[in-house]
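Structure first, then comments.
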Amino acid sequence: MANEYLIEIHNYISEKIARAQSLKNKADANHEMESKRFYEGQLDEWHRLRAYLAERVDLKTQKYF
């Protein structure tokens with residue numbers, strides 16, 4: 001059962017990363033530097049969370065992303 005929760009968590013993080021990347025690209029195309037930096041910060045936070053999960057929580061036998 002724990003694997004199912006981890007998969008859901010990784011799917012949620014992947015969705016958030018994709019959304020932030022899309023919005024960052026849009027802000028970059030519109031030369032909105034403040035928004036672009038905001039989304040870069042979000043991406044950094046989501047990637048750090050994913051790295052934490054991979055290091056401390058994820059099962060060693062599976063990759064979720």
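So which of ILE7, ILE13 ends up being exposed (fewer than 15 other Cβ atoms within 10 Å of the Cβ), assigned to a helix (DSSP H, G or I) and touching a residue at least 12 places away in the same chain (Cβ under 8 Å)? Working first, answer last.
On the way: ILE13 fails: exposed (fewer than 15 other Cβ atoms within 10 Å of the Cβ).
ILE7 is the lone residue from the list that is exposed (fewer than 15 other Cβ atoms within 10 Å of the Cβ), assigned to a helix (DSSP H, G or I) and touching a residue at least 12 places away in the same chain (Cβ under 8 Å).
Is it the case that some residue within the stretch 25-37 is surrounded by fewer than 11 Cβ atoms within 10 Å (Cβ to Cβ), assigned to a loop (DSSP other than H, G, I, E, B) and at pLDDT 95 or above? Break it down stepwise before answering.
In the first step, residues of the stretch 25-37 are kept if they are surrounded by fewer than 11 Cβ atoms within 10 Å (Cβ to Cβ); the result is 29-31, 33-34.
Imposing the further condition that a residue be assigned to a loop (DSSP other than H, G, I, E, B) reduces the set to 30-31.
Of the ones still in play, those that are also at pLDDT 95 or above are 30-31.
Scanning the stretch 25-37, I find at least one residue that is surrounded by fewer than 11 Cβ atoms within 10 Å (Cβ to Cβ), assigned to a loop (DSSP other than H, G, I, E, B) and at pLDDT 95 or above, so the answer is yes.
When you look at SER22, is it among the hydroxyl-bearing types (Ser, Thr, Tyr) and in contact with a helix residue (DSSP H, G or I) (Cβ under 6 Å, 6 or more places away or on another chain), yes or no?
For SER22, the condition - among the hydroxyl-bearing types (Ser, Thr, Tyr) and in contact with a helix residue (DSSP H, G or I) (Cβ under 6 Å, 6 or more places away or on another chain) - is not met.
So the check is Cβ under 7 Å with 6+ separation or different chains; which pairs have a first residue in the stretch 39-57 that's modelled with pLDDT under 95 and a second one that's aromatic (Phe, Trp, Tyr)?
From the stretch 39-57, the pairs are ARG50/PHE65.
The values are calculated or read from the model by the stated rules, or taken from the named source; none is laboratory data. Computed from a predicted structure; not experimentally measured. Every residue, glycine as well, gets a Cβ built from its backbone with ideal geometry; the counts of neighbours run over all protein chains shown.
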